[in-house]
Structures are given as structure tokens and as C-alpha cells.
Amino acid sequence: MLIVPFADGPALIWHFGMTGELICAGADEPPVAHDRVVLTLDDERQLRYRDQRKLQGIRLTMDQSALARVLDRLGPDALDMTREDFVDLLAERRGAVKGVLMDQSLIAGLGNLLSDEILWRARVAPRRPARALGNTEARHVFTAMRGVLATASRAGCVPPRRNWLTGHRDDREPACPRCGRGLRARRVAGRRTVWCEHCQH
Ligand SMILES: [Zn+2]
């Protein structure tokens, strides 16, 4: 989420989901079909919220306490967690590790693509109970999370690189970019989940 506070109290909260983005456009550029919200900044410039999917959500909170209520429902930002806190969190949860990564009340900021990419890189199967992971495995998940987030943050999305899982998950016959074997796809934690049975245990 991107939080834009105004000086006198209200704040705009932008949620981008998998495909949303903010575009700075000239006021004379015609809007495209996926421009969901257009904010006119001055005579020449517009800020446009563009999303191929449905509008994911823009919220306006009217004061600090309303903003705090929204943020209170979120766990710590994934990039702010220490390795120790992360390992301890996994050790306490009996649900599937994929579901723990995506639970925004536990860790904020990881969606479906990111979680699959992280677990593929860490070689951990998404359906494993989080607390069944060994200490070394949990550390590998943490390291993978940091690496994937660093690259994805710079790219502004989860980049569909050919040496990433994300670059293959929508292929007609998706194959693991590490071992070349076919990828599995099932619903885990309510979302379409892709993983490699050979590489991830
Ligand atoms: Zn593989």
C-alpha cells in the first residue's frame, strides 16, 4: 500500500494488488481504458491510477485515528522484519507456510506471486506447515523473501523473468526454470499456487 497523508489529517491509501500502478501523465493525454481514477494536479499534469483488473481499492481516511485503525490490522512490513522475528513467527504457526506468508495481519506486503516466488527460491513446498520448517529452512525463506522483494521493489512488480518461477507460471506447460520438470498448480490458502515438486520439499 502507498499511504499519502495530507497536512490537515486525511490520508489516501492506495492498494495496487498485482497489476495496479500510478502513472504521471500530461493533462492532454487521453485516458486509457484501465485508468480507474484520474487526479488533476495542475493545468498540465495528472496522476492516474491504472489497473487492468478491477479497482483494487483506494481509501480515504479522515484523521490519524482512522488511519491507525487500518494500519493496526496489518503485521509488520515484510522488509522491516528481523530474521529472528520471522523465524519465530513461522515456528508458532501450524497452517501452511504459504498461508502464513500471505496473511497480512502477520506479515504485510506479500501477495500470491511473491509468496510462490519466495518459496520456490527457498526450495520449500507451499503446503508444509510453517512450524514444521527447520531453523535452516526458515532462514532460507527469509533470505529468499529479502532477495525477491529487493528485485521486485526495484522493478515495481514481480518481474516475469525466465529464470524466475513467475516467468513460467502462466505458460501452457509450465516447467521449472531450475530443474526443467513440470510445475504443479493447485489452490493453497485460497489462491492458485504454483510450485516444483522436485525442487521444493
Ligand atoms: Zn524444479
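Observations on the model:
- Members of the stretch 102-139 that are under 14 Å from Val188 (Cα atoms) and among the polar types (S, T, N, Q): Asn112, Ser115
- Qualifying residue in the stretch 36-47 (condition: touching a residue at least 60 places away in the same chain (Cβ under 8 Å) and not aromatic (Phe, Trp, Tyr)): no
- Pair list, Cβ < 9 Å and 6+ apart or interchain, from the stretch 59-88 residues that are more than 21 Å from Phe6 (Cα to Cα) and surrounded by 12 or more Cβ atoms within 10 Å (Cβ to Cβ) to residues that are of a type in the set (Phe, Trp, Tyr) and at pLDDT 95 or above: Ala78/Phe86; Met81/Phe142; Arg83/Phe142; Phe86/Phe142; Val87/Phe142
- Of all residues in the stretch 104-127, those that are surrounded by fewer than 17 Cβ atoms within 10 Å (Cβ to Cβ) and without any contact (Cβ under 8 Å) to a residue 60 or more places away in the chain total 2.
- Restricting Arg154, Arg191, Arg169 to those that are more than 14 Å from the chain's Cα centre (by Cα) and either near the ligand (Cβ under 9 Å from one of its atoms) or charged (D, E, K, R) (or both) reduces the list to Arg169.
- Test: residue in the stretch 110-132 that is modelled with pLDDT of 95 or more and at positive phi: yes
- Those residues of the stretch 179-188 which are within 14 Å of the ligand (Cβ to nearest atom), of a type in the set (Lys, Arg) and either within 19 Å of the chain's Cα centre (by Cα) or crowded, with 16+ Cβ neighbours inside 10 Å (or both), in sequence order: Arg184
The values are calculated or read from the model by the stated rules, or taken from the named source; none is laboratory data. Worth saying up front: this structure is predicted, and the values here are computed from it rather than measured. Ideal geometry is used to build each Cβ from the backbone, glycine not excepted, and the neighbour counts take in all protein chains shown.
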